[in-house]
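Peer 1: Quick one: structure below, then a few questions.
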Amino acid sequence: MARALELSRGLDPAKLRPAFERFGRMHLPGFLPARDAQAIHAALVGAPYHRSLTAAGKSYDIALETLAAMPAERRAELEAAILEGGKTGFQYQFDAWRLSDLMEAGQRTGGALAPLEAVYDLINSEAFLAFVRTLTGDPRCAYADAQATRYGPGDFLTAHDDDVAGKKRLYAMVLNFTPAWRPDWGGLLAFHDADGHVSEAYTPTFNALNIFRVPQQHAVTQVASFAGAQRFSITGWIRER
């Protein structure tokens with residue numbers, strides 16, 4: 001079993017709250033102790049990902065082995081459908097591991113994946129939820145869910161606002177665990193304004209928490225073909241009961 005995670009000392013949500021209330025989002029570097037962030041990155045590198053994507057308006061989770069064995073013609077058709085959908089609508093492709101689904105089903109494995117299971121425990125701990133309640137001024141924050149994600153060259157997530165009926169999402173969060181990243185590699189968490197401009201964008205800085213109010217229009221820009229690393233993160237939502 002992994003050691004229980006704690007937030008970095010020195011983060012004062014009460015002092016950060018005025019800025020969050022003004023902008024509805026925040027980038028918090030150094031969110032965890034450095035050695036814990038490094039262990040989480042190592043676990044993310046070896047996580048048992050599947051391919052998560054949309055095509056022709058439907059969502060799919062495909063085993064990487066199945067995708068690799070797909071006939072070239074069928075693979076080309078799938079890639080064409082993904083690119084076509086990205087021109088006009090909501091579309092994504094990246095690797096994912098649905099952490100919350102497994103934890104809620106009692107399917108803990110420990111071992112190399114224990115640091116990721118510890119992240120799930122942290123974001124559902126009273127310490128983290130109390131931090132978020134103080135930061136946002138919102139007493140409704142009751143629990144959080146999460147998935148591990150890996151973006152490689154060509155991966156992306158088009159514009160959306162996370163507001164899904166019945167999901168009771170209050171805030172979205174992204175915990176970043178890529179040791180080094182250049183902004184020109186893409187993979188930026190980009191916020192869009194009403195005029196269609198990017199009003200702000202966050203580079204996936206190592207060991208930083210990005211948190212923002214739902215709904216809010218945003219996207220993950222496509223990772224460049226020349227990116228020198230994969231983009232690792234744990235993403236999810238803080239919800240009310």
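Peer 1: Only residues that are more than 15 Å from the chain's Cα centre (by Cα) and either open to solvent by less than 10 Å² (accessible area, probe 1.4 Å) or free of Cβ contacts under 8 Å to residues at least 60 places away in the same chain (or both): list them for segment 218-241, please.
Peer 2: Listed by number, the residues that qualify are Gly228, Ala229.
Peer 1: Just to be sure I understand the filter: pairs with C-beta atoms under 6 Å, separated by 6 or more residues or on different chains, first member in segment 148-163 and in contact (Cβ under 8 Å) with a residue 40 or more places away in the chain, second member of a type in the set (Lys, Arg). Which pairs pass?
Peer 2: From segment 148-163, the pairs are Tyr151/Arg231; Asp162/Arg169.
Peer 1: Could you check segment 24-58 and list, in sequence order, the residues that are touching a strand residue (DSSP E or B) at 6+ places or on another chain (Cβ under 8 Å) and without any contact (Cβ under 8 Å) to a residue 40 or more places away in the chain?
Peer 2: Thr54
Peer 1: Suppose we filter Val198, Val214 for residues that are among the hydrophobic types (A, V, I, L, M, F, W, C), open to solvent by 30 Å² or more (accessible area, probe 1.4 Å) and out of contact with any Gly (no Cβ under 9 Å at 6 or more places or on another chain); which single one remains?
Peer 2: Answer to the check: Val198.
Peer 1: Out of segment 14-60, which residues are under 21 Å from Ala190 (Cα atoms), charged (D, E, K, R) and surrounded by fewer than 17 Cβ atoms within 10 Å (Cβ to Cβ)?
Peer 2: Listed by number, the residues that qualify are Glu21, Arg22.
Peer 1: Give the residues of segment 86-100 that are assigned to a helix (DSSP H, G or I), closer than 17 Å to Val223 by Cα and either touching a strand residue (DSSP E or B) at 6+ places or on another chain (Cβ under 6 Å) or of a type in the set (A, V, I, L, M, F, W, C) (or both), sorted by residue number. Give the derivation first.
Peer 2: In the first step, residues of segment 86-100 are kept if they are assigned to a helix (DSSP H, G or I); the result is 86-88, 99-100.
This time we only want the ones that are closer than 17 Å to Val223 by Cα, so: 86-87.
Correct list: Gly86 only.
Peer 1: Residue check: is Leu116 surrounded by 13 or more Cβ atoms within 10 Å (Cβ to Cβ), part of a helix (DSSP H, G or I) and more than 20 Å from the chain's Cα centre (by Cα)?
Peer 2: Criteria not met by Leu116.
The values are calculated or read from the model by the stated rules, or taken from the named source; none is laboratory data. Note that this is a predicted model, so its numbers are computed, not measured. Neighbour counts run over all protein chains shown; Cβ positions are idealised from the backbone, glycine included. Protein only, heavy atoms only, side chains kept; ligands, DNA and RNA dropped before computing areas. Shrake-Rupley method; radii C 1.70, N 1.55, O 1.52, S 1.80 Å.
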